[in-house]
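J.: Structure in structure tokens, see below.
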Protein chains: 2
Amino acid sequence: MTSFEDAGRLDAADPLAPKRQAFHLPDGVIYLDGNSLGAMPKRAPARLRTVLETEWAERLIRSWTESDWINLPLRVGDRVAPLIGAGPGEVVVGDSTSVNLYKCLGAARALRPDRRVILTEQDNFPTDNYIIEGIARSERMEIRYVPAGTDPREALDERVAVVLLTQVNYRTAAMHDLAAVTAAAHRAGAVMIWDLSHSVGVVPLDVRGAAVDFAVGCTYKYLNGGPGAPAFTYVAPAHAASVAQPLSGWMGHKTPFAFAQHYEPAAEIRRYLCGTPQILSLAALDESLAVWDGVDMSAVREKSLRMTQLFMDLVERHCAGHGLEIVTPRNAQRGSHVSIACAHGYPVIRAMVEGGVIGDFRAPDLMRFGFAPLYGSYAEVAEAVRIMQEILVTGAWRDPKYATVLAVT
Amino acid sequence: MTSFEDAGRLDAADPLAPKRQAFHLPDGVIYLDGNSLGAMPKRAPARLRTVLETEWAERLIRSWTESDWINLPLRVGDRVAPLIGAGPGEVVVGDSTSVNLYKCLGAARALRPDRRVILTEQDNFPTDNYIIEGIARSERMEIRYVPAGTDPREALDERVAVVLLTQVNYRTAAMHDLAAVTAAAHRAGAVMIWDLSHSVGVVPLDVRGAAVDFAVGCTYKYLNGGPGAPAFTYVAPAHAASVAQPLSGWMGHKTPFAFAQHYEPAAEIRRYLCGTPQILSLAALDESLAVWDGVDMSAVREKSLRMTQLFMDLVERHCAGHGLEIVTPRNAQRGSHVSIACAHGYPVIRAMVEGGVIGDFRAPDLMRFGFAPLYGSYAEVAEAVRIMQEILVTGAWRDPKYATVLAVT
């Protein structure tokens, strides 16, 4: 697939094409950053209006029971469950990925009290490693970093208590074999925690089949839950019932409204709740997840691989000679974004955004483009490459206005 | 103030009466549960519409900079700051009260590495004590519980590392002298953490003047931020710059978007962030806090004391002989709710809710009524007591339908 014309043929045959209608997409924009913040499902605003104007404003405190806010973290968890291969009552949604990682690390650590090592990758997503540093300090654990490009299975031994990996690398999109790595961790006697932030919604997942111990993930990327939408936590049922997590807040209590003096964790996944859930954000996610009803994940995966392949093929053919290097694997062990190393990647991305193609940049030199199978089209993929080519060929990116780094903080 | 007629006179002279217009209040309801979930400010839905339909749907990822989502936790913190006597840049909003307590306990504990005791009250709000249990386990600390009704200052000694108290008791509304207890904790060499959940928005606070070390609090009660709205954290500037907190997530990193391998906390209060903030809930709170612009906290306090006094006076005069006992202090050392012990409190509350008066019940026997000075009226206070009187006198609460306990979980 190396000509711009291939795109039209692929779109015509795309079984997911009708799903695009479920999303609000701004005019004149090709959005290739759904791996960072997913597009808004059209049904989200009406739900929020109901939550505010009826549930909060009219029913007030009664909505905790009458609108079942109290079980919303579990009900939303049940919507996420089929997307990761979990069963009902095995996933809960609330807090952030970072906070949930802390809970899982604390529980996992308690499952292996005689081991002292947490294994991670040097280029794991930063917050994963920062959270590991925090818990390693308080739990007096040692951190073993696997260098980028090395198979983490080679670093396993009898000292490793917990392995925490992100399945799809946020920079390169390289993807671990979830089942194989989990099995290796188990053979070494370690507990396996997966961060599925960059795979959920684009990669078919089977946490149960792979006997994963813990999994967390972000819902504002390919799950389109809205900015900062609360994150999910999966815990294998045997662990959920046997070990406590360190953030022992009242919503994870067996009987929160008995106001007992001492903490007693809820029997199952509910114990992974901590404080009062942020209902507005949670309701937007709940509504947004409805777009997944009836979606075939194998069709999603197929389209994801085709979109990323088309993009890489077109970039190689049409943008050669401009100092670009695709760092995303060409084999199928990849997620749904493509990263391209380029010394002048930052101004190129800035110029592309001004040209209507939204991707992002990851220091020091990566241009990153995400492909969301539910709302992206192949025509957009082709047009994005055409615009990139134009910017490279004309040297438009050399305009000094693109060199200024926009501070996000 | 013991006649129903006093209410009209008080409303006519109430300088805060016009503020009621800023809130949506349902018809036919007297809402005395704003201490649990505050009423909705009328301006909230329009803000959410903008956040969804413009910021999320149209600007997408660009809103982190263009709509300054990235600084929203600090901007909302700056709105909370004057309500607790903090300065700009000293308060951050995000996560839940429970999660924020964990952060503060971890940091406070690190400030006193040679001491091993956390001091709290037996009847502190349960989540405070549950979170203490969690951190005590991982940090190998000892918990000292002060029995209900005892002055916690008497339990201070040179072994106490941290004192964590809720200023206004969630059951009785009894209020600690924040400055005096903080000073006593400091004299004993302990670090002071206050949970201001039941005082912020009804009690004038001065965390700086009292040299408080850490304070957290809820924003969905008297601050009307919406269901499960994110909580605030205040940290004395000297501590914020000197000690790390255990939930070391990327949003608290010095340079989150440099994606550095190791955690280095931001210089100031920003380090109390952890994961990505839940923007929808945070934006609703931001907008709701605008109703506080220009509000005189001493007028709020005065009205709060008058409303609670009127309520207690009327209950004593008109509901005597029905087994009610007011457990809220009659002196000014109280917050803005009133609790009444009553063996048949549960069915009475249920009957009152059916009669249009929403209060709540706290096991084993407390009827609890909250008074929100920004939108409550004295006429409502009087009418609530009249309805309670009618239910008690007629015995309407004996209807078996009110005996069934509504499960919240």
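The values are calculated or read from the model by the stated rules, or taken from the named source; none is laboratory data. Just so it is clear, the model here is predicted, and its values are computed rather than measured. So basically every Cβ, Gly included, is an ideal-geometry build from the backbone, and we count neighbours across all protein chains shown. Note: accessible area is taken over every heavy atom of the protein model, side chains too, but ligands, DNA and RNA are not part of it. Shrake-Rupley method; radii C 1.70, N 1.55, O 1.52, S 1.80 Å.
J.: Within region B:150-162, is even one residue among the β-branched types (V, I, T), open to solvent by less than 20 Å² (accessible area, probe 1.4 Å), within 14 Å of chain A (Cβ to nearest Cβ) and in contact (Cβ under 8 Å) with a residue 12 or more places away in the chain?
T.: Here is the first cut: in region B:150-162, the residues among the β-branched types (V, I, T) are B:150, B:160, B:162.
Filter once more, keeping what is open to solvent by less than 20 Å² (accessible area, probe 1.4 Å): B:160, B:162.
When the remaining residues are screened for being within 14 Å of chain A (Cβ to nearest Cβ), the result is none.
No - not one qualifying residue is present in region B:150-162.
J.: Further question on the same structure: Among (1) at the interface with chain A (Cβ under 9 Å from one of its Cβ atoms); (2) aromatic (F, W, Y); (3) open to solvent by less than 10 Å² (accessible area, probe 1.4 Å), which single condition is B:Y263 missing?
T.: Just one mismatch for B:Y263, condition (3).
The rows are residues; the columns are (1) among the hydrophobic types (A, V, I, L, M, F, W, C); (2) closer than 22 Å to B:M40 by Cβ; (3) part of a strand (DSSP E or B).
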residue	(1), (2), (3)
B:V348	yes, no, no
B:A379	yes, yes, no
B:Q389	no, no, no
B:L392	yes, no, no
B:T404	no, no, no
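J.: Among the residues of region B:106-144, which ones are at pLDDT 95 or above, in contact with an Asp or Glu (Cβ under 7 Å, 6 or more places away or on another chain) and of a type in the set (S, T, Y)?
T.: Hit for region B:106-144 is B:T120, nothing else.
J.: Restricting the search to region B:272-300, which residues are over 19 Å from the mean Cα position of the chain (by Cα) and within 11 Å of another protein chain (Cβ to nearest Cβ)?
T.: B:L273, B:C274, B:G275, B:T276, B:P277, B:Q278, B:I279, B:L280
J.: Take B:T127 and tell me if it is away from chain A (no Cβ under 14 Å), of a type in the set (S, T, N, Q) and not in a loop (DSSP other than H, G, I, E, B). Please lay out each step first, then the result.
T.: On the way: away from chain A (no Cβ under 14 Å): no; of a type in the set (S, T, N, Q): yes; not in a loop (DSSP other than H, G, I, E, B): yes.
No.
J.: Residues of region B:311-326 being closer than 20 Å to B:V202 by Cβ and either touching a Leu at 6+ places or on another chain (Cβ under 7 Å) or modelled with pLDDT under 95 (or both), which ones?
T.: Of everything in region B:311-326, just one residue is closer than 20 Å to B:V202 by Cβ and either touching a Leu at 6+ places or on another chain (Cβ under 7 Å) or modelled with pLDDT under 95 (or both), namely B:V315.
J.: Hey, among the residues in region B:282-324 that are under 26 Å from B:P73 (Cα atoms) and touching a strand residue (DSSP E or B) at 6+ places or on another chain (Cβ under 8 Å), which one's most open to solvent (accessible area, probe 1.4 Å)?
T.: Result: B:E287.
J.: Can you name the number of the only condition in (1) open to solvent by 10 Å² or more (accessible area, probe 1.4 Å); (2) within 14 Å of another protein chain (Cβ to nearest Cβ) that B:R330 fails?
T.: (2)
J.: Among the residues of region A:363-382, what is the count of those that are in contact (Cβ under 8 Å) with a residue 40 or more places away in the chain and open to solvent by 30 Å² or more (accessible area, probe 1.4 Å)?
T.: 1
J.: Among what's in region A:333-353 and is without any contact (Cβ under 8 Å) to a residue 24 or more places away in the chain and open to solvent by 20 Å² or more (accessible area, probe 1.4 Å), pick the residue that is nearest to A:F311 (Cα to Cα). Working first, answer last.
T.: Of the residues in region A:333-353, the ones without any contact (Cβ under 8 Å) to a residue 24 or more places away in the chain are A:343, A:345, A:349, A:353.
So of that shortlist, the ones also open to solvent by 20 Å² or more (accessible area, probe 1.4 Å) come out as A:343, A:353.
Numbers: A:A343: 20, A:V353: 17 Å.
Residue satisfying both the conditions and the ranking: A:V353.
J.: Looking at A:I193, A:I269, A:I279, can you tell me which residue is more than 30 Å from A:S304 (Cα to Cα), in contact with a strand residue (DSSP E or B) (Cβ under 6 Å, 6 or more places away or on another chain) and β-branched (V, I, T)? Break it down into steps so the answer makes sense when it comes.
T.: On the way: A:I193 fails: more than 30 Å from A:S304 (Cα to Cα); A:I279 fails: in contact with a strand residue (DSSP E or B) (Cβ under 6 Å, 6 or more places away or on another chain).
The conditions single out A:I269.
J.: Also: Considering (1) farther than 22 Å from A:A136 by Cβ; (2) out of contact with any Asp or Glu (no Cβ under 9 Å at 6 or more places or on another chain); (3) surrounded by 19 or more Cβ atoms within 10 Å (Cβ to Cβ); (4) within 13 Å of chain B (Cβ to nearest Cβ), say which one A:V202 fails and leave the rest.
T.: (4)
J.: Within region A:367-401, track down each residue that is under 29 Å from the mean Cα position of the chain (by Cα) and not hydrophobic (A, V, I, L, M, F, W, C). Give the derivation first.
T.: From region A:367-401, those under 29 Å from the mean Cα position of the chain (by Cα) are A:367-388; that's our starting set.
Hits for region A:367-401 are A:R368, A:G370, A:P373, A:Y375, A:G376, A:S377, A:Y378, A:E380, A:E383, A:R386.
J.: Which condition number does A:A211 fail, the rest of (1) within 14 Å of another protein chain (Cβ to nearest Cβ); (2) surrounded by fewer than 18 Cβ atoms within 10 Å (Cβ to Cβ) being met?
T.: Answer for A:A211: the failing condition is (1).
J.: So, one more: Given the condition crowded, with 24+ Cβ neighbours inside 10 Å and out of contact with any helix residue (DSSP H, G or I) (no Cβ under 7 Å at 6 or more places or on another chain), answer yes or no: does some residue in region A:102-113 qualify? Working first, answer last.
T.: In the first step, residues of region A:102-113 are kept if they are crowded, with 24+ Cβ neighbours inside 10 Å; the result is A:102-105, A:107-108.
If we keep only those that are out of contact with any helix residue (DSSP H, G or I) (no Cβ under 7 Å at 6 or more places or on another chain) as well, we get A:104, A:108.
Within region A:102-113 (the criterion being crowded, with 24+ Cβ neighbours inside 10 Å and out of contact with any helix residue (DSSP H, G or I) (no Cβ under 7 Å at 6 or more places or on another chain)), the answer is yes, since at least one residue qualifies.
J.: Considering region B:27-70 alone, what residues qualify as being more than 7 Å from every other protein chain (Cβ to nearest Cβ), surrounded by fewer than 16 Cβ atoms within 10 Å (Cβ to Cβ), assigned to a helix (DSSP H, G or I) and of a type outside the set (D, E)?
T.: Correct list: B:A46, B:T50, B:T54.
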